[in-house]
Amino acid sequence: MNSSVSEKTVIVTGAANGIGLAIARRFVELGSNVVLADKDEKRLAIEVEALQKGVGQAIGYHGNLQEKLTINNLMATTIDAFESIDILVNASRQILPSDPLLDKDGVFEQLMQQNVTVNLRLAQAVVKRMIAHTPDRSKDEVIGSIVNLSSIAATRTMPKLMAYSVSSAALDQLTRSLAVAFADHGIRVNGIAIGSLMSASLRESMKDNDDLHGMIEAATPLGHIGEADEAADAVVFLASSRANFITGQILTVDGGRSLIDTVTIPAH
């Protein structure tokens, strides 16, 4: 694969399971120093221990990233362990059904907070440390990369998932805006819009809907549901030096599903 991420320090959020875990595992396999961040303390400890035999190093950080103090502590933990931060992968997402008419449970605000605001705060905190670590950066030098995990729901109209769709669209725009804002500092920002991938949330959805697997396959031109590792490979590419002239882009990883989508339930 790509060795340019070897010995780079990577923070991956939402890393205790599913796609976030697959991303963290891939970086460790390629020799990166990885901080796995998640609020599921028990599962996080198990997965970090499993990664100890990898080529790179892995440590865990447990906490609620909606709290600013938790983000500051994550930065401190990462710097203490590895001295710098090179790559941030915002893989923590929340998917909840919402009622466009009532939203009595505050789902819209909750998803905007988790899927957009948290990612913004993390990006701001990481970028400050990237800049501080490279005071003598040359004009054309790329010093860091941020990859946001988004969804093909950003471009679909799904009333029952309005909050998730809107937050995904907002995250895509945040990605483009930060790419321009951070470009002068040599920091790239890109996104991965996923769909038709076997994530933890999709597995849960399939438990309640026996027909969902076949529906998704039928709506995906490549004819199958992808694996989390396929999203991980795309993230590694965008984070690596092979993508040094790519910024502000949303790379779709969905087997072609968004080209002809007729399924009203997200596959991720």
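Per-residue ellipticity at 222 nm computed for the chain from its helices equals -13000 deg cm²/dmol, with DSSP H segments shorter than 4 residues left out and the rest contributing -39,500 (n - 2.57). Rg over Rh for the chain works out to 0.96, both radii taken from alpha-carbon positions and Rh defined as the Kirkwood radius.
Among 133-144, 239-250, the peptide with the highest mean count of other Cβ atoms within 10 Å heads the list, and the full ranking is 239-250, 133-144. For the chain, averaging the sequence separation of C-alpha pairs within contact (under 8 Å, six or more residues apart) and dividing by the residue count gives a relative contact order of 19 percent. Each Lys and Arg Cβ is given +1 and each Asp and Glu Cβ -1; about its Cα centre, region 141-230 then shows a dipole of about 340 debye. Legend: residue pairs Lys68/Lys207; Lys68/Lys139; Lys8/Lys139, Cα-Cα distance threshold 29 Å; pairs beyond threshold, Lys68/Lys207; Lys68/Lys139.
The trypsin sites (Lys or Arg not before Pro) of region 21-125 that meet both conditions, a loop assignment by DSSP and at most 12 other Cβ atoms within 10 Å of the site Cβ, are Lys104.
Which helices, counted as full DSSP H runs in the chain, have an axial Cα extent of no less than 27 Å and a Kyte-Doolittle average of 0.0 or above? Length and hydropathy pass: 162-183.
Each reported figure results from applying straightforward, stated rules to the coordinates on display, with no laboratory input. Predicted model, so just to flag it, every value in this text is computed and none were measured. Ideal geometry is used to build each Cβ from the backbone, glycine not excepted, and the neighbour counts take in all protein chains shown.
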